[in-house]
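The values are calculated or read from the model by the stated rules, or taken from the named source; none is laboratory data. Note that the structure is a prediction, hence the values are computed from the model and not measured. Cβ sites come from the backbone with ideal geometry, for glycine too, and all protein chains shown count toward neighbours. Areas reflect the complete protein model, heavy atoms only, side chains present, ligands, DNA and RNA absent. Shrake-Rupley method; radii C 1.70, N 1.55, O 1.52, S 1.80 Å.
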Amino acid sequence: MGNKILGNAFGQIHSPYWGEEREKVVPTYELVNEILYYLRSLSLSDADLAKLLKKFPEVLGRSLKHELSTNVHVLEKEWGIKGKSLRNLLLRNLKVLGYNVDCKGDCMAQCTRCWVRF
């Protein structure tokens, strides 16, 4: 299962989330561990992560600085979602950490990564 998760996250296995833009990358232990550490800092347990990574393994391939933490900031500042509410949202929809497009209703054909779905 771990190889499939990493394969989806780093472009080794085709994923609709990435479309055709994701180049194949060999993940490093440090990179994966850094993302997992960050996700744990959002009050997600190892058991939570095991379930969530099966649903959205691509989160491991996102940029911590430019996407994951930015999206958490957006959720806190624009939507007032933080703490337990943030944890509950992530348990329901971890994909929110992968949103990096906001078409604002004028479709850009990148729906799997668009905030309009939120």
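Kindly provide the set of residues from segment 49-85 that are touching a residue at least 24 places away in the same chain (Cβ under 8 Å), open to solvent by 20 Å² or more (accessible area, probe 1.4 Å) and among the acidic types (Asp, Glu), ordered by number.
Across segment 49-85, the qualifying residue is only 67.
For residues that are surrounded by 15 or more Cβ atoms within 10 Å (Cβ to Cβ) and of a type in the set (D, E, K, R), scanning just segment 86-101, find the one that is farthest from residue 48 (Cα to Cα).
Among those residues, the one meeting the criterion is 95.
Quick one: residue 36 ticks every box in (1) more than 12 Å from the chain's Cα centre (by Cα); (2) among the aliphatic types (A, V, I, L, M); (3) at pLDDT 95 or above except a single one, so which number is it?
The single condition residue 36 does not satisfy is (1).
Out of all the residues in segment 1-22, which are under 18 Å from residue 68 (Cα atoms) and in contact with a helix residue (DSSP H, G or I) (Cβ under 6 Å, 6 or more places away or on another chain)?
Result: 5, 8, 9, 10, 17.
Scanning segment 104-118 for residues that are of a type outside the set (Gly, Ala, Ser) and surrounded by fewer than 14 Cβ atoms within 10 Å (Cβ to Cβ), which turns out modelled with the lowest pLDDT?
117
Any idea how many residues of segment 80-90 are in contact with a Leu (Cβ under 9 Å, 6 or more places away or on another chain) and either aromatic (Phe, Trp, Tyr) or not in a helix (DSSP H, G or I) (or both)?
Qualifying residue count, segment 80-90: 2.
Is it true that some residue in segment 23-35 is open to solvent by less than 40 Å² (accessible area, probe 1.4 Å), out of contact with any helix residue (DSSP H, G or I) (no Cβ under 7 Å at 6 or more places or on another chain) and either charged (D, E, K, R) or within 23 Å of residue 108 (Cα to Cα) (or both)?
Of segment 23-35, the ones open to solvent by less than 40 Å² (accessible area, probe 1.4 Å) are 32, 35.
Applying the additional criterion that residues be out of contact with any helix residue (DSSP H, G or I) (no Cβ under 7 Å at 6 or more places or on another chain) yields none.
Looking for residues that are open to solvent by less than 40 Å² (accessible area, probe 1.4 Å), out of contact with any helix residue (DSSP H, G or I) (no Cβ under 7 Å at 6 or more places or on another chain) and either charged (D, E, K, R) or within 23 Å of residue 108 (Cα to Cα) (or both), one finds none in segment 23-35, hence no.
Can you tell me which residue among 116, 72 is farther than 19 Å from residue 38 by Cβ and not in a loop (DSSP other than H, G, I, E, B)?
The unique qualifying residue is 116.
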